[in-house]
Structures are given as structure tokens and as C-alpha cells.
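The values are calculated or read from the model by the stated rules, or taken from the named source; none is laboratory data. From a predicted model like this one, the values you see are computed outputs, not experimental measurements. Glycine gets a Cβ as well: all are built from the backbone with ideal geometry, and neighbour counts include every protein chain shown. Protein only, heavy atoms only, side chains kept; ligands, DNA and RNA dropped before computing areas. Shrake-Rupley method; radii C 1.70, N 1.55, O 1.52, S 1.80 Å.
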Amino acid sequence: MPDPVIVVGAGPVGLCAALALRAHDVPVVLLEADPVDRHRTGSRALYVHGKSLALLESISQGAGSELAARGVLWNVRRTLYRGKQVYEKEFPPHDPASGLPPFTSLRQSETEHVLLDACERAGVDVRWNHPVTEVVTHPGGVTVATADGVTWSGSHVVGADGARSTVRRCTGTSLNGTAAEGFHVVVDVADSTPDLARVMHYEHPAAEGRGVLIVPYANGFQVDVQSRAGDSADVIASRQEVRRWLPALIGPTPTERITAISVYRFLQLIADDFTDPHHRILLVGEAAHLFPPFGARGMNSGFVDAQAAADAITTGRHSPAANAEAVAAFATTRHAAAEANSAAAGAALRHLRPPTAAARLRRGAAARLASVVPRFGEWLEHAPYGTRLSEVRH
Ligand SMILES: Cc1cc2nc3c(=O)[nH]c(=O)nc-3n(C[C@H](O)[C@H](O)[C@H](O)COP(=O)(O)OP(=O)(O)OC[C@H]3O[C@@H](n4cnc5c(N)ncnc54)[C@H](O)[C@@H]3O)c2cc1C
């Protein structure tokens with residue numbers, strides 16, 4: 001029996017890495033800090049790209065199609081500027097007989113449930129309540145310590161332990177980048193039959209000119225309100241204040257339908273190196289990079305990291321030099337992808353929060369001209385994603 005690979009973190013990316021390794025028939029131990037019955041607050045990553053569905057299907061038959069069946073497709077995308085519509089595109093319903101849909105929209109916790117079930121079926125040894133405290137690498141493998149004092153040996157560690165990654169700390173690498181100004185308040189609203197319209201509203205009059213994005217998902221929708229200069233998160237994101245301003249945006253909303261209120265400050269950070277000097281640690285997902293969510297690059301690119309990590313670990317398994325080379329190539333390739341994704345997400349954020357008066361004026365001018373020059377409306381629709389999603393470099 002070969003040494004197992006130790007995956008740290010049972011978020012969507014760690015679960016995907018475990019499945020990708022099992023698809024190569026590698027034994028996997030998955031160490032997760034939280035208990036099995038944890039509650040994940042907020043809907044977080046909703047948009048699962050069609051390429052991600054195909055990737056998941058390829059490593060675990062049925063996983064991609066199950067996510068597609070549980071999620072919803074938006075049937076219209078609409079963009080407004082100060083109360084006036086500047087863009088609308090309707091989409092025909094997807095015919096399931098034609099294969100996987102171009103994307104699906106569901107809560108991140110639901111995606112994690114589907115992937116966890118798949119891991120259990122695939123024979124991943126999942127250990128909840130096992131926070132990793134230390135990782136030591138040597139030329140022949142890794143030793144991982146958990147908080148209960150137990151040590152685990154393996155051939156490699158996949159660090160999928162998120163933004164505050166302990167595994168990253170143990171590689172000695174640091175995160176570099178910038179923090180965006182301001183914050184976003186994201187309110188989740190339960191709705192068994194949400195209006196399947198994704199609506200971007202620039203300078204919404206009912207939100208005192210703040211930007212508002214409404215994203216439907218299975219059994220609910222997200223209302224994302226962008227802060228303005230001088231806003232205090234403690235004030236506008238308090239339950240009392242949310243109850244006051246939310247009805248102006250979405251109509252009367254009974255309190256019990258508000259399932260979560262989250263405040264996010266968006267970071268653009270990338271680890272200097274996605275591996276360690278012995279090429280035994282591979283950082284993936286938010287352990288390796290943090291992007292603002294516009295363009296849905298975080299989890300979706302994390303899935304690609306996870307599959308690339310599994311491919312690298314299983315390349316030249318019987319030749320340490322060839323294997324180290326494959327892991328080094330993984331680190332270089334995924335670092336470059338993270339830089340491209342970060343640049344695109346940063347462009348999206350700058351569009352949403354124009355850094356200069358001229359940039360803001362350009363947005364307003366595009367909105368005024370959109371009725372005569374449709375490509376200005378298209379630009380206002382697509383710019384919050386950084387690049388068109390079909391061009392996203394995962
Ligand atoms: C509002 C919002 C909307 C978003 N929308 C999208 C979207 O539509 N599409 C998209 O692709 N992305 C989106 N994202 C980003 C996405 O949520 C993240 O990229 C994703 O959660 C990263 O997954 P991960 O598995 O890398 O990390 P995490 O989800 O953070 O998982 C890390 C796991 O590691 C565990 N852990 C931590 N420390 C340890 C330790 N020491 N030992 C063991 N386990 C540990 C944690 O408990 C956790 O289970 C969004 C984010 C936000 C905030």
C-alpha cells in the first residue's frame with residue numbers, strides 16, 4: 001500500500017483534491033478542523049462554472065450532474081443604472097438531455113455536501129475535529145501533527161485549509177497583495193421559488209446610490225450591497241438596519257426569511273510559492289490565493305488547482321526527481337493562473353468601485369448611451385466579472 005496523501009481542509013477545494021487523488025487510486029486521509037455537524041454561515045460561492053461541473057464529473061462520476069440537478073440556472077441577466085435598465089439578456093431553459101449546463105447556482109454548503117458524499121463513496125478517510133498544527137517535510141515525504149498530539153505520515157500534503165492556512169505557514173511562504181477599500185454586505189434570503197433573474201444595479205436609488213447585486217440560487221437569493229465611503233459595517237449590516245433597508249430593494253421580507261447577514265472585505269493576495277523546498281506540499285484554493293468574488297474565480301479556480309495537484313502528485317511516483325519536477329511545475333503553472341485570475345478580479349472590483357472621478361463618469365456615460373449603442377450596456381453587464389466568464393483562465 002503506497003503512503004497516503006494527506007489533504008488538510010474539507011472545504012470545496014480539499015474535497016475536490018481528495019476525489020481527484022482517489023480517481024488516481026491514491027489512498028487519502030482528509031484532516032478537517034471543524035466537527036462533522038458544523039454550520040457554514042452564508043451562501044458564499046454560488047456560481048459553479050460549467051467547466052467545474054465537467055471537471056468534477058471526470059473525477060467522480062455523477063458529482064457534476066448532481067450539482068447541476070440541485071442548482072438553478074438564471075433565465076435572465078439584467079443590468080440597471082440609477083433605476084433605468086441598460087441591458088437584458090434572456091436564456092432559453094437548459095435541456096438536461098444535452099449534457100451538463102453552462103453553470104449552476106447553489107449554496108457552497110450544498111456543493112460541499114455533494115462532494116463529501118462522493119468522498120465517502122470513494123473511500124477517502126475523513127477525520128473531522130482534527131485541526132492540523134504542524135507540517136514538516138523531508139525529501140521522502142511529510143509528517144503532519146494534529147491538535148490531539150497524533151502524527152500522520154504521508155507522501156505529500158495538499159494544503160486546502162483556506163485563507164488562514166496553517167499548511168501555508170509551515171511552508172514559510174507569505175501572502176502578498178492588496179486589500180480593497182470598503183466592504184460588501186451580503187444578505188441571504190430564503191425563497192423556495194426565487195425569481196431566476198440575476199440583477200446588477202449600479203447606483204441604486206433605493207440604496208442611496210450604492211451598488212446592488214441580486215443573485216438567485218436554489219431555494220434563495222443573495223443581495224450584495226456595496227458600501228459607500230463613510231459607511232460603517234456595524235451600522236448598515238446590523239439586523240435592525242438590514243430589516244429597514246432590505247424591503248426597498250426586494251419588497252416586504254419577513255424576518256425569518258433572512259437566513260444570514262455577512263460582511264466581506266475583499267482581498268487580492270497570492271502566496272509567493274505554492275510548494276515547499278522539498279516539493280512535498282501543494283497549496284490549493286484559498287490557502288494559495290484570495291480573490292474578490294466577482295467573476296466567481298475563488299472556488300472554481302480552486303477546483304482546477306486541486307486536480308492539477310493530484311496530477312502532479314501522481315506523476316513519476318517512483319522517481320523522486322521526476323515527481324519533484326512535476327510538483328514544481330504545478331506550483332509555477334497555478335501561480336501564473338492565480339495572477340491572471342487576481343488581475344481579472346481586481347479589474348472587476350475597480351469597475352464596481354471606480355478609483356477616479358473619470359472612471360465613474362465613464363460608467364455613467366456608458367449607461368446613458370446604452371439605449372443607442374448596445375455594446376455599452378453589454379460592457380456594464382460584463383465588466384463586474386473582470387473578463388467574460390467564457391474567457392476566465394482557470
Ligand atoms: C460572498 C462570496 C461569494 C463567493 N462567490 C463565489 C462564486 O460564486 N464562485 C466561486 O468560485 N467562488 C466564490 N467565492 C469564493 C469561495 O467561497 C472560496 O474561494 C472557497 O470557499 C475556497 O474554498 P477552500 O476549500 O479553498 O477554502 P475554505 O472554504 O475556507 O475551506 C477551508 C477548510 O479548511 C479547514 N481548516 C482550516 N484550518 C485548518 C487546520 N489547521 N486543520 C484542518 N482543517 C483546517 C476549514 O475548517 C475549512 O473547512 C465567494 C466568496 C464569498 C465570500
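Descriptive notes on the structure:
- Percentage of interatomic Cα-Cα distances in segment 19-134 larger than 23 Å: 45
- Our summary gives segment 157-279 a relative contact order of 36 percent, counting only alpha carbon pairs under 8 angstrom and 6 or more residues apart.
- Solvent-accessible area per residue for the chain (1.4 angstrom probe, square angstrom): 43
- Taking Cα atoms only, the orientation of helix 50-59 departs from the longest principal axis of the chain by about 20 degrees.
- Accessible surface for V7 stands near 0 Å², nearest 10, in the context of the full protein assembly shown (1.4 Å probe).
- Per-residue HN-Hα couplings for segment 146-159 [Karplus 6.51, -1.76, 1.60; θ = phi - 60°; Hz; x = Gly/Pro]: 10, 4, 7, x, 7, 10, 10, 10, x, 7, 8, 10, 9, x
- In this structure, the amide hydrogen of Y87, modeled 1.01 Å from its nitrogen in the peptide plane, lies closer than 5 angstrom to those of T79, counting only residues at least 5 positions away or on a different chain.
- Amide H contacts of Y217 (H built 1.01 Å from N, under 5 Å, at least 5 apart or other chain): Q222
- For the chain, the share of DSSP beta bridges that are antiparallel, to the nearest 5, is 70%.
- Using the Stokes-Einstein relation with a Kirkwood hydrodynamic radius computed over Cα pairs, the translational diffusion coefficient of the chain at 25 °C and a viscosity of 0.890 mPa s comes to 112 µm²/s.
- Segment 286-353 and segment 109-124 have Cα centres lying 22 Å from one another.
- Spin-label model distance (nm) - R350 vs V136, 7 Å beyond Cα toward Cβ: 4.6
- Binning all Cα-Cα separations of segment 184-264 at 5 Å, short to long from zero, yields these whole-percent fractions: 3, 15, 29, 29, 17, 6, 1, 0.
- Taking segment 295-317 and a reference point 7 angstrom along Cα→Cβ of A328, the backbone N atoms nearer than 18 Å belong to 309, 312-317.
- About the centre of its Cα atoms, the chain shows a dipole size close to 1540 debye [charges on the beta carbon of Lys, Arg (+1) and Asp, Glu (-1) only; nearest 20 debye].
- Acute angle (nearest 10 degrees) that the helix 108-122 long axis makes with the longest principal axis of the chain, alpha-carbon atoms: 30
- Near V72: Cβ cut-off under 13 Å, other residues only, Lys/Arg at +1 and Asp/Glu at -1. The net charge is 0.
- Nonlocal amide H pairs with F183, under 5 Å, H built at 1.01 Å: S227
- Helix 320-352 vs. the chain, principal-axis angle (Cα, 0 to 90°, nearest 10): 10
- Cβ-based net charge around G177, under 11 Å, with every Lys or Arg adding one and every Asp or Glu removing one: -2
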